[in-house]
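*Asks:* Provided herewith is a single structure, encoded as structure tokens, for subsequent inquiry.
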Amino acid sequence: MDRCASIRPELAKARVVAHRVGTRLSRPEVRVEAEDHGTRITVLHNYGHSGSGVTLSWGCAREIVGMAATMNTP
């Protein structure tokens, strides 16, 4: 949280809903997309790689960075 808040200070007051570690989420398709909540908040999703996360991480991360770079920031 501290590292995130150093980039986006408003996150310092964010409520932690849950902690989950060690899971390898699997889906029929990897989810790499932006979800607009109709407010100032857009969530970038990048999950569902299952055991292929290391293999797919480079391309998926590059895609997410591209999405983030084109977003409007306050």
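No value in this document is a laboratory result; all are computed from the given coordinates. Quick caveat: nothing in here was measured; it's all calculated off a predicted structure. Neighbour counts run over all protein chains shown; Cβ positions are idealised from the backbone, glycine included.
*Asks:* Report the one residue of 56, 32, 19 whose Cα lies farthest in the direction of the positive end of the charge dipole of the chain (charges on C-beta: Lys and Arg +1, Asp and Glu -1; origin at the Cα centre).
*Replies:* Most positive-ward Cα: 19.
*Asks:* Okay, moving on. Run the numbers for residue 10 and residue 71: contour at 0.36 nm per residue of separation, minus the present Cα-Cα distance, in nm.
*Replies:* On the way: separation 61, 0.36 × 61 = 21.96 nm, distance 1.73 nm.
That works out to 20.2 nm of additional length.
*Asks:* For residue 45 and residue 57, calculate 0.36 nm times their separation in residues minus their Cα-Cα distance, and state this gained length in nm to one decimal.
*Replies:* On the way: separation 12, 0.36 × 12 = 4.32 nm, distance 1.27 nm.
Between residue 45 and residue 57, full extension yields an extra 3.0 nm.
*Asks:* Continuing with this model, one more query. For the chain, give the magnitude of the charge dipole about the Cα centre (Cβ charges: +1 Lys/Arg, -1 Asp/Glu; no others), in debye to the nearest 20.
*Replies:* Values: 10 positive and 7 negative charges, 57 e Å.
Dipole size: approximately 280 debye.
*Asks:* Let me ask you something else. Taking the Cα atoms of the chain alone, what are Rg (to one decimal) and Dmax (as a whole number) in Å?
*Replies:* Answer for the chain, Rg first and Dmax second: 13.9, 36 Å.
*Asks:* Related question: Local charge sum around residue 12 (other residues, Cβ-Cβ under 12 Å, Lys/Arg +1, Asp/Glu -1)?
*Replies:* Values: positive: 3, 8, 13, 15; negative: 2, 10.
So the environment of residue 12 carries a net charge of +2.
*Asks:* Order the peptides 32-43, 47-58 from the highest to the lowest mean number of other Cβ atoms within 10 Å of their residues.
*Replies:* 47-58, 32-43
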